[in-house]
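Participant: Structure below; questions to follow.
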């Protein structure tokens, strides 16, 4: 169900504005930095550097939720749509997580005797601590503050952004709404997530100086990151920024290669650019290239925005939609940041910013446990 993307906004480790982040992406810059915290196997991360603007909604939203609300408002404003009963909100979030870090201060000075727990730190817990972790907060607050009263939904998990795009597109083509605001945000930098990624050996344990790019001969794990992104979709628009179609899927295979192929199968036609899932392990990257080469021309260009921005969890597919639309419109493909020795295989890794006449791109995303997504992005000549 192809729909027209007419507006977009994001917060990424490479910058807040579209132009600034794309300029750094095209220059081959990498947002990776050293995690100032200690005790985690993964010490190389890609955070959003700035903080969200001051907002009265901070009572109900954490940092990433505030970023989500910001991009929602910016994208809707850029679309020129005023809201109303025929405009819906569809959100993709990483999942319902009660962040450990928020409770550290409350328990740091507690004693085994269980006495004076209030004075020893519990009084410092935010009164809305539990409410701030609800997965539908951004959906509810965006709907209320922006006056969006149409059909909508919230989806959780590593492919939540793709699920939101799929549901929004279906609602548009079913005639339930006239426009859809799709918002996705996630952070893989919370302590509980870093512990999980380390246990699964998904994130890299290499120091910053020894970081190796995905699709390299000796890559060893990805850099976890975070992002918030929003796009506005309508069923048809002659002057659309791009036309997009998405698929999501899940299985019980940690490699998710078959699910990636299933998601991409109906979207890969005529694609000559592929934004890879870039899991940054030679066997996983090799499997991905082989299976995608069976769906597209084996000589298609391979890019990896996550090499520069980090893996972005539920926000990935929405960020890919924006990156690929911008790249195809500018006829310039960004390099795979940090890639020096590409592993042999089908698809051609882009190692320096490259001009292109391509008009159709395929984006891929894989996330444990067994979640996958694909997106097709097409721009007009």
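Participant: Listing 355, 317, 272 from the residue with the fewest other Cβ atoms within 10 Å to the one with the most, what is the order?
Facilitator: Placing the least packed residue first, the sequence is 355, 272, 317.
Participant: Quick check: Cα centre of the stretch 178-227 to Cα centre of the stretch 360-381, how many Å?
Facilitator: 17
Participant: Taking only DSSP H segments of four or more residues, each worth -39500 (n - 2.57), what value at 222 nm results for the chain once the sum is divided by all its residues, to the nearest 500 deg cm²/dmol?
Facilitator: Numbers: 10 runs with 108 residues, N = 381.
Result for the chain, helices only: -8500 deg cm²/dmol.
Participant: Measure off 7 Å from each Cα along the Cα-to-Cβ vector at residue 331 and residue 209, then give the distance between these two points in nanometres to one decimal.
Facilitator: 4.4
Participant: Taking the Cα-to-Cβ direction at residue 178 and at residue 40 and moving 7 Å from each Cα, how far apart do the two end points lie in nm?
Facilitator: 4.5
Participant: Hey, can you rank 79-91, 288-300 by average C-beta count inside 10 Å, highest first?
Facilitator: In decreasing order of mean packing, 79-91, 288-300 become 79-91, 288-300.
Participant: Quickly rank 207-217, 67-77, 304-314 as a protection proxy: mean count of other C-beta atoms within 10 Å, highest first.
Facilitator: Values: 207-217: 17.7, 67-77: 24.1, 304-314: 29.8.
Listed from highest to lowest mean packing, they are 304-314, 67-77, 207-217.
Participant: Multiply the residue separation of residue 50 and residue 136 by 0.36 nm, subtract the distance between their alpha-carbon atoms, and state the gained length in nm to one decimal.
Facilitator: 28.6 nm
Participant: At a Förster radius of 35 Å, what calculated FRET efficiency corresponds to the Cβ-Cβ distance of residue 117 and residue 283, to the nearest 0.05?
Facilitator: Rounded to the nearest 0.05, the efficiency is 0.10.
Participant: With a 10 Å Cβ neighbour count serving as the proxy for reagent exposure, in which order, fewest first, do 61, 324 appear?
Facilitator: Listed from fewest to most nearby Cβ atoms, that is 61, 324.
Participant: Over the chain, calculate the relative contact order: mean separation of alpha carbon pairs under 8 Å at least 6 apart, over the residue count, as a percent.
Facilitator: Relative contact order, the chain: 24 percent.
Participant: Going by average Cβ neighbours within 10 Å, how do the peptides 183-189, 14-20 rank, with the highest at the top?
Facilitator: 183-189, 14-20
Participant: Next question. Of all DSSP beta bridges located in the chain, what percent are antiparallel, nearest 5?
Facilitator: 65
Participant: Could you give the length gained on full extension between residue 33 and residue 340, defined as 0.36 nm per residue of separation minus the Cα-Cα distance, in nm?
Facilitator: Gain on stretching residue 33 to residue 340: 108.6 nm.
Participant: Pop the C-beta distance of residue 124 and residue 199 into the FRET formula with R0 = 22 Å and round what comes out to the nearest 0.05.
Facilitator: Rounded to the nearest 0.05, the efficiency is 0.15.
Participant: Here are several values of mean projected area of the Cα convex hull in nm²: (1) 18.4; (2) 27.9; (3) 21.6. Which one was derived from the coordinates shown?
Facilitator: (1)
Participant: Percent antiparallel among DSSP beta bridges with both residues in the stretch 266-381, to the nearest 5?
Facilitator: Of the beta bridges lying entirely in the stretch 266-381, close to 55 percent run antiparallel.
Rule-based calculations on the coordinates, nothing more; no lab input. Since the structure is predicted, the reported quantities are computational estimates derived from the model, not experimental observations. Positions of Cβ are backbone-derived with ideal geometry, glycine not excepted, and every protein chain shown enters the neighbour counts.
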